[in-house]
Amino acid sequence: MRRALGMRSVNLPQPEEDNSERGYQVKFSVKIAALAAISMILVLVLASAVYGKTNSDPVTVSATVDNFISISHPGSVSLGTILGTGGSSENSATWNVATNNALGYTLNISAAGSPAMNKGADSFTDYSGPAVWSIAATDSAFGFSVNDNAHYQGFTTPGTPIQIVSSPNPTAGQDTAIFFKAEVGASHLQPSGGYAASLTVTATTL
């Protein structure tokens, strides 16, 4: 009898994959990435060295604005004519002061003579005040009030300034009106002629 030949499967070894080329590609990519990163770092370092340095020089710019003050000149003031039998006359003038001074200004008035209103040896008595205007019938007087406040005063020592305004602020233009008055009492004999008072109004920054 023939023995039947049986077939037996044989597992042949599979050929191994060649990973050397893939590994080379991976290593090459890593090297390229590393070189790119190093190049970027070098560029940043060089850029910082060239453009990143700064140097400051602080500077202060200053300017000075001078004080200024101006005062108007209203001209002479005429009180007109007073009757020889007694009477009074008055008139006013306005001074305008402008200043940029932050502390403001003062306004003073002074007389060159004593009494202020005179004609040679003849004169009007300087009014005693400040007070509401009133003189005796046997007297004559000359005085002034500020901004028509009805309280008159006279001049005392020649050349001594009398402060009439004190303003604590700068102003583009502030008016001050000074009212002048002269009177001859009905029982007073005042020599005739032209009388004058030489006055000075001065504005001063504080």
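A short reminder: the numbers here are calculations on the coordinates, not readings from a lab. Quantities reported herein were computed from a predicted structural model and do not represent experimental measurements. Ideal geometry is used to build each Cβ from the backbone, glycine not excepted, and the neighbour counts take in all protein chains shown.
Numbers below:
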{"read-out": "Simple label model, 7 Å out from Cα along Cβ direction - residue 147 to residue 125, nm", "value": "3.0 nm"}
{"read-out": "Positive minus negative residues near residue 126 (Lys, Arg vs Asp, Glu; Cβ under 13 Å)", "value": "-1"}
{"read-out": "Cα-based shape type of the range 69-205, given that a ≥ b ≥ c are square roots of the gyration tensor eigenvalues and the cut on a/c is 1.5", "value": "prolate"}
